[in-house]
Amino acid sequence: MSASDSFDTVLVVDFGAQYAQLIARRVREAHVHSEIVPRSMPLAEMLARRPKGIIFSGGPASVHVVDAPVIDEAVYQAGVPILGICYGAQLVAQQLGGAVQRTGSGEYGRTTLTRGEGRSVLFEELPVEQVVWMSHGDAIVSAPDGFVVTASTPGAPVAALENTERAIYGVQFHPEVVHTERGQELLKRFLFDVCACRPTWTNTSIIEQAVDAVRAQVGSERVICGLSGGVDSAVAAALVHKAIGDQLTCVLVDTGMLRLHEAEQVEETFRRQFQVDLLHVKAGDRFLGALDDVIEPEQKRKIIGETFIRVFEEAARDLAEGGVDARFLVQGTLYPDIVESGGDDNATIKSHHNVGGLPEDMNFELVEPLSQLFKDEVRAVGEELGLPEEIVWRQPFPGPGLAVRIIGTITPERLEILRNADAIVIEEIRRAGLYREIWQSFAVLPAVRTVGVMGDSRTYEYPIIIRAVTSEDAMTADWARLPADVLERMASRIINEVPGVNRVAYDITSKPPGTIEWE
Ligand code: XMP
C-alpha cells in the first residue's frame with residue numbers, strides 16, 4: 001500500500017484568495033489531506049488526483065468583471081462534492097444559473113447569520129443564529145434551480161445554499177477564519193458527512209507523503225540542502241534525509257551575517273543529531289564583498305539570494321560524482337515566504353532570499369517539502385521527526401541574516417556592534433523565560449547616530465533598536481509587551497557592554513503596518 005492509499009484528498013482551488021492556505025490548513029486540522037491547486041489547472045488533472053471533495057476559495061474579483069476567474073463547468077458533473085466559499089459560492093451560483101449582484105454596501109467583518117427554516121446538511125446541529133466573518137461586495141440574490149437557501153445575513157439574502165442531490169454547497173462567509181465561531185464544525189460536516197473523508201491525515205502522514213514525493217522527484221541523484229540553523233531548513237533536511245539517506249549533503253553557509261557563535265552551534269547540534277554529511281562553507285568575505293556599499297533592501301536580498309546559489313553550485317560541483325553535479329537543492333521554504341515574495345498572485349512585500357531573491361540562471365531544481373505549511377505545522381513535524389527542542393523551538397531567523405537588520409551599509413564594524421547587542425537581547429529574553437512565547441526578538445542597527453553623554457563627555461554613536469514580536473505565523477504580528485525591567489536590563493547592558501552604542505529604543509510597531517524585520 002502506498003502512503004496515498006491511507007488518506008483522502010480534498011482539493012482547494014485557489015481563486016486568488018488571501019485565505020486559500022488557511023482553508024487548506026483547516027482541512028488538515030480536521031485530519032484530511034488537502035492540496036491547493038491553481039484555478040488554471042485543467043479539470044482532468046484535478047480529477048486525476050482522485051479528490052473526495054473540491055473547495056473553491058474566495059478571491060478578490062467580482063464575478064461580473066470581464067476576466068473574472070472561472071472554472072470548467074464540467075466540474076459540476078464530475079460527481080465530486082463541491083463547496084464554494086465567498087467568491088467560490090458566487091461562482092457556483094452564477095455558473096449554475098442563479099444571480100449575483102453588486103448590492104451597494106457589502107459586508108465586511110463580523111455579521112450575524114440566521115439559518116433558514118428547512119433542513120441543511122452543513123448547518124445540521126448548528127444554532128439558528130451564529131457569528132460569521134464576511135468580506136464581500138457582491139451578493140448572491142437568487143439561488144440556481146434545485147438549490148435551497150439555507151442561511152442569510154442582513155447584507156446577503158443567500159448567505160448559504162445547497163443542493164444535496166448534486167452535493168454542491170456554497171457559503172458567502174468565511175468558515176476558515178477563527179472569527180467564524182462554528183466555521184470548523186461546518187467544514188467538518190462538508191468533509192465527513194458530504195465527502196465521506198476519513199480523518200487519517202496526521203503529522204506522520206505529512207512526513208510519509210513528503211518522503212514519497214522527495215523520492216519520486218530526485219530518484220537516485222545527489223541532493224544538497226542549505227542549512228541555516230533555523231527550524232525550517234532543519235526540518236526540510238531531516239525529511240529529505242529520511243527519504244534518501246546519504247544521497248544528501250547538507251551545506252551550512254556562514255554568510256558572515258549570522259548571530260554570535262551561531263555557525264558553530266548549528267554545526268555542533270547537527271553533527272550530534274544526524275549522521276548526515278555536512279559541509280561548513282565559510283563565505284563571510286564573499287557575502288560582505290558582494291554587499292559592499294549596497295543600501296537598498298531589495299538589492300541586498302537579491303545579492304544574498306544569488307550568492308547563496310553560487311555557493312551551493314560550487315558545493316554541488318565539488319560533490320560531483322562521475323562528472324555529474326548535484327542537481328537538486330532542498331530549501332525549507334514555507335508558505336508565508338511565498339506569499340510575501342509575491343507568489344500566488346500576491347503583491348511583493350519583500351523578496352525572501354529563497355524565493356523572489358533567487359537568480360534566473362540557476363542550475364538547480366528545487367526540492368521544497370514544506371512549501372504548503374505554516375511554521376507551527378513545521379514545528380509539529382520537526383517534533384515528530386525527533387529533532388531536539390533547541391532546533392524546533394528556535395526563534396525564526398531570516399536567511400539574509402543580520403544584513404536586513406543593519407540599515408544602510410554593512411561593514412565588519414557595524415556587524416560586530418549588532419552581533420553583540422543582539423546576543424544581549426536574546427540572553428535577557430531567555431533569562432526572563434520568554435524565549436518560547438516571543439515569536440522573534442532581536443536588535444536592529446539603524447543608519448543614524450545620536451548624541452549622548454557618558455562620563456562627562458559628549459558621545460556621538462549609534463542607537464540600537466530592540467524588536468520583539470508575538471505572532472502565530474509571521475503573516476501578522478504584534479509588538480511584545482516586554483516587562484519594563486527586562487527592557488531596562490537590555491538597554492543598560494547594551495550601552496555598557498557594546499562599544500559604539502549610546503542609546504536604545506524599543507520598536508512598538510505591529511505588522512501590518514510594519515513588517516517584523518526592518519528591511
Ligand atoms: P517580515 O519582515 O516580512 O518577516 O515581517 C516575516 C518572517 O519572515 C522572516 N524573513 C525571512 N526569512 N528569508 C527568510 O528565510 C528572507 O529573506 C526573509 N525575510 C524575512 C522574518 O524573520 C519573519 O520571521
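Summing charges over neighbours of S6, with a neighbour being any other residue whose Cβ is under 10 Å away from its Cβ, gives -2 when K and R count +1 and D and E count -1. Only bridges whose two residues both fall in the range 62-213 count here: according to DSSP, what percent of them are antiparallel, nearest 5? Counting only bridges with both partners in the range 62-213, antiparallel ones make up about 85 percent. The range 248-325 and the range 426-460 have Cα centres separated by 28 Å.
Taking every C-alpha pair closer than 8 Å and separated by at least 6 residues, the mean separation divided by the residue count of the range 1-134 gives a relative contact order of 21 percent. Take the range 144-301 with all the other protein chains still there, run a 1.4 Å probe, and you get 40 Å² of accessible area per residue. Per residue, the accessible area of the range 1-51 comes to 41 Å² when a 1.4 Å probe rolls over the protein heavy atoms.
For the range 117-232, the normalised intensity computed at q = 0.10, 0.17 Å⁻¹ comes to -0.49, -0.87 (log10 of I(q)/I(0), Debye sum over alpha carbons, equal scatterers, no solvent). Just so you know, the Rg over Rh for the range 246-396 is 0.95, from Cα atoms, with Rh as the Kirkwood radius. For the range 409-448, the set of trypsin sites (Lys or Arg not before Pro) satisfying both a DSSP loop assignment and a count of at most 15 other C-beta atoms within 10 Å is given as R436. The sum of -39500 (n - 2.57) across all DSSP H runs of n ≥ 4, divided by the residue count of the chain, sets its helix-only mean residue ellipticity at 222 nm to -9000 deg cm²/dmol.
The packing ranking, built from the mean of other Cβ atoms within 10 Å per residue, places the peptides 196-203, 307-314 in the order 307-314, 196-203, highest first. Axis of helix 20-29 versus longest Cα principal axis of the chain: the two differ by about 80°, to the nearest ten degrees.
When peptides 184-192, 101-109 are ranked by their average number of other Cβ atoms within 10 Å per residue, the highest-first order is 184-192, 101-109.
Average accessible surface for the range 402-495: 44 Å² per residue, computed with a 1.4 Å probe over protein heavy atoms with every protein chain in place. Once you order the gyration tensor axes a ≥ b ≥ c over the Cα atoms, which shape class does the range 180-237 get: rounded for a/c under 1.5, otherwise prolate or oblate by comparing a/b with b/c? In terms of gyration-tensor shape, oblate.
With the simple spin-label model, which puts each label point 7 Å out from Cα in the Cβ direction, the T476 to V131 separation comes to 1.4 nm. Binning all Cα-Cα separations of the chain at 20 Å, short to long from zero, yields these whole-percent fractions: 21, 47, 28, 4, 0. Relative contact order, whole percent, for the range 319-453 stands at 19, derived from Cα pairs under 8 Å and 6 or more residues apart. When all protein chains stay in place and ligands, DNA and RNA are ignored, the 1.4 Å accessible-area order of V355, V63, largest first, is V355, V63. A cut-off of 5 Å between modelled amide H atoms, ignoring neighbours fewer than 5 places along the same chain, links R503 with I464.
When the C-alpha to C-alpha distance is required to be over 18 Å, the pairs from K350/K511; K52/K375; K52/K188; K302/K511 that qualify are K52/K375; K302/K511.
Shape summary: the range 214-276 maps onto an equivalent ellipsoid whose semi-axes, from the alpha-carbon gyration tensor, are 23, 11, 9 Å in decreasing order.
To the nearest ten degrees, helix 375-384 and the longest principal axis of the Cα atoms of the chain are 80 degrees apart. Taking every DSSP beta bridge with both residues inside the chain, roughly what % is antiparallel (nearest 5)? The antiparallel fraction comes to roughly 50 percent. Highest mean first, the peptides 444-452, 316-324, 152-160 sorted by other C-beta atoms within 10 Å per residue fall in the order 152-160, 444-452, 316-324.
Using the Cβ atoms and a cut-off under 13 Å, what net charge is assigned to the surroundings of I71, where Lys and Arg are +1 and Asp and Glu are -1? Overall, the nearby charge balance is -3.
Per-atom-type breakdown for the chain gives carbon and sulfur 49% of the accessible area (1.4 Å probe, protein chains only). Each principal axis of the range 351-470 carries a Cα extent, and these read 57, 43, 20 Å when sorted largest first. Working from Cα pairs under 8 Å separated by at least six residues, relative contact order for the chain is 10 percent.
The values are calculated or read from the model by the stated rules, or taken from the named source; none is laboratory data. Keep in mind that what you see is a predicted model, and the values were worked out from it rather than measured. Cβ atoms come from the backbone with ideal geometry, glycine included; neighbour counts cover every protein chain shown. Quick note on the areas: whole protein, heavy atoms, side chains included, nothing else; ligands and nucleic acids left out. Shrake-Rupley method; radii C 1.70, N 1.55, O 1.52, S 1.80 Å.
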